[in-house]
Amino acid sequence: MLEVYINKTQVETLILACKYLTRDENLPLGHLNIIPQFIPDDYKSIAKYFILAEQVCELYIESNMTILDKEFEKKCTINISSTNAIQYPRMLAHRFPLHWEPKQYITSWNFYKIWCRNLAQYFDWISHIPELREFSSSDREKLIIGRVIHFIMFTISYKSVITNTPGLLFGGNSYFPIDESEHHKLDPLAIWMFKKHVNLMKYALIDPIKELKITEAEYALLHILIIFMPVLRLSEDGLNKIKVYKERYINVLNELVSSSYNNEQPHKIIKRIGQLMAILTAVEHVARHCDDVMFCATIFNIAEMRGTLPYEVFVRKNDPDCVKINYL
C-alpha cells in the first residue's frame, strides 16, 4: 500500500505560521491556504493533499478544552443557516479538539454539541476540494448539505476502527457501546437514537473497514468520492460536473491501489477496488437510516436537535417548500 508520510510537527508548523497572518478565522480552513495545492496528474500528490487537509482540520484548534465542557455551549449553536455555516464554520462551532478516544458514553444532552463540532469540521474539510468552486453557489450548497450525513457516518466509522472503540465513536471522547449488557447505563433517548444504526454500522461499515485495513490515503480518497454523488434538486450542469469529478477521483483511487500491487496482480487490484467501492454503497444505506432518525429528532426536539441548521440538513433539503422551523 502507498505510504504517504506526513510529519505532524510540520503540519502544526504550517498552522502556526498561518495563525500569525491577519485572517478571518470564521472562514473555512480551505480558504486560509494553509497547504499547497496538489499536482493534478499526480495521484501521490492528490492523496497527500487530502491527507494533509484531514490533518489540518484535526490539528487547527483554539483551545485544549473539551467540547463537552460547559464553556463550549457558548461556542456553538444549531441556530445558524446552512449558508452561513458553510461560509463561516467557526460561527457554528469554535475549533475545540474533537478528542477521538472512547472514554465515556454518549448522552442525548451532549449530542448536539458533538454534532455541531463534527459539522464545523466537515465544512472546514470540504472547503479544501478545489472542484467545488466550479459549481454554482446554489448547486454547491445543495451538494455540501446533501452529503453531510454520509461524510460523518464514514468518518466516525473509520475513527471507531483506528481507536479500537467497542462500539461507535462520535468524538468528544464519547461513544455508544455495542455490548448490550452496558446499555442499562445509558440514557433512554441515546438508546432510541443510536442503538439500531450502531448495529447497522458495525456490520455495514466498521467491520469491512477493519477487515480491509483501509489506509489513510484510501480513506482520504473515499471521502472525496462520498461527496461527488448526485443529490436532490441539483441542476443538470451540477449533475454533469459530479459525473466528471467522480470519474476523476475513481481513476486516482485506481492508480493508488494499482501502485500498491506494482500493477502485477490484476485480480487483487480489481478485488480491492470492488471492496472499497462497496464501502461507498454501504455509506448510502447507513445514511438513509440515520437521516430518518435525525429527521424525527429535529421535528420533535429530541436531544435538543430542533434548530435552524438541523432543520435545513434533515428536513428542508428534501422539501424546500415545507413550513419554516419557526412555524413548528
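Here, each number is a calculation from the coordinates, and none is a lab measurement. Just so we're clear, the structure is a prediction, and the values are computed from it rather than from any experiment. As a convention, Cβ positions derive from the backbone with ideal geometry for all residues, glycine included, and neighbour counts pool all protein chains shown.
Place a +1 charge on the Cβ of each Lys and Arg in region 45-109 and a -1 charge on the Cβ of each Asp and Glu, then give the dipole magnitude about the Cα centre in debye, rounded to the nearest 20.
Values: 7 positive and 7 negative charges, 22 e Å.
Using only the charged Cβ atoms, the result is roughly 100 debye.
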- With +1 on each Lys and Arg Cβ and -1 on each Asp and Glu Cβ, how big is the dipole of the chain about its Cα centre, in debye rounded to the nearest 20? 240 debye
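When the helices in the chain are scored as -39500 (n - 2.57) per DSSP H run of 4 or longer and the sum is shared across all residues, what 222 nm value do you end up with, to the nearest 500 deg cm²/dmol? Intermediate values should be presented prior to the final figure.
Working: 13 runs with 175 residues, N = 328.
The helix-only estimate for the chain comes to -17000 deg cm²/dmol at 222 nm.
Can you list which of the DSSP-assigned H helices in the chain have a Cα extent of 18 Å or more along the long axis and an average Kyte-Doolittle score of at least -0.5?
Sorted by number, the helices that extend far enough and score high enough are 43-59, 111-126, 148-162, 188-201, 266-299.
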- Message: Checking the table 48/113; 70/113; 75/159 against a 22 Å threshold on Cα-Cα, which pairs fail?
- Response: 48/113; 75/159
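Ranked highest first by average number of other Cβ atoms within 10 Å, how do 76-87, 30-41, 55-66 line up?
Values: 76-87: 18.4, 30-41: 15.0, 55-66: 16.9.
Going by the mean number of other Cβ atoms within 10 Å, highest first, we get 76-87, 55-66, 30-41.
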- Quick one: go through region 157-189 and flag any residue whose amide nitrogen is under 17 Å from the point 7 Å out along the Cα-to-Cβ line of residue 210. 157-170, 175-182
- Task: Sorted from largest down, give the three principal axis spans of the alpha carbons of region 202-262, whole angstrom values.
- Result: 38, 32, 13
- May I ask you to list the residues of region 108-127 whose amide nitrogen lies under 11 Å from a point 7 Å from Cα along the Cα→beta-carbon direction of residue 69? none
- Note on the structure: Between residue 181 and residue 37, Cβ-based FRET efficiency (R0 45 Å, step 0.05) works out to 0.35
- For each of 100, 109, count neighbouring Cβ atoms within 10 Å of the residue's Cβ, then give the residues from fewest to most. 109, 100
- Message: If I model a spin label at residue 192 and residue 268 as a point 7 Å from the Cα along the Cα→Cβ vector, what separation in nanometres do I get?
- Response: 5.0 nm
- Message: In the chain, if the dipole is taken from +1 on Lys/Arg beta carbons and -1 on Asp/Glu beta carbons about the Cα centre, which of 183, 223, 160 is farthest to the positive end?
- Response: 183
- Query: In straight Cα distance, which lysines are under 17 Å from residue 268, not counting same-chain residues fewer than 8 positions off?
  - Reply: 213
- Query: (1) -0.58, -0.81, -1.12; (2) -0.46, -0.70, -1.19; (3) -0.53, -0.75, -1.13: which one is log10 I(q)/I(0) by the Debye sum over Cα atoms at q = 0.09, 0.11, 0.14 Å⁻¹ as calculated from this entry?
  - Reply: (2)
- Residue among 267, 47, 290 farthest towards the positive dipole end of the chain, charges placed on Cβ: 290
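Between residue 248 and residue 164, how high is the FRET efficiency from 1/(1 + (r/R0)^6) when r is the Cβ-Cβ distance and R₀ = 25 Å? Nearest 0.05. Don't jump to the answer; show the numbers that get you there.
Details: r = 34 Å, r/R0 = 1.37.
The computed FRET efficiency comes out at 0.15.
Mean separation of Cα pairs under 8 Å and 6+ residues apart, divided by the residue count of region 8-327: what relative contact order is that in percent? All intermediate terms of the calculation are to be shown ahead of the outcome.
Numbers: 430 pairs, mean separation 66.1, N = 320.
Taking the mean separation of contacting Cα pairs over the length of region 8-327, I get 21 percent.
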- Starting from the Cα of residue 236, step 7 Å along the direction of its Cβ; do the same at residue 24; then give the gap between the two resulting points in nm. 3.5 nm
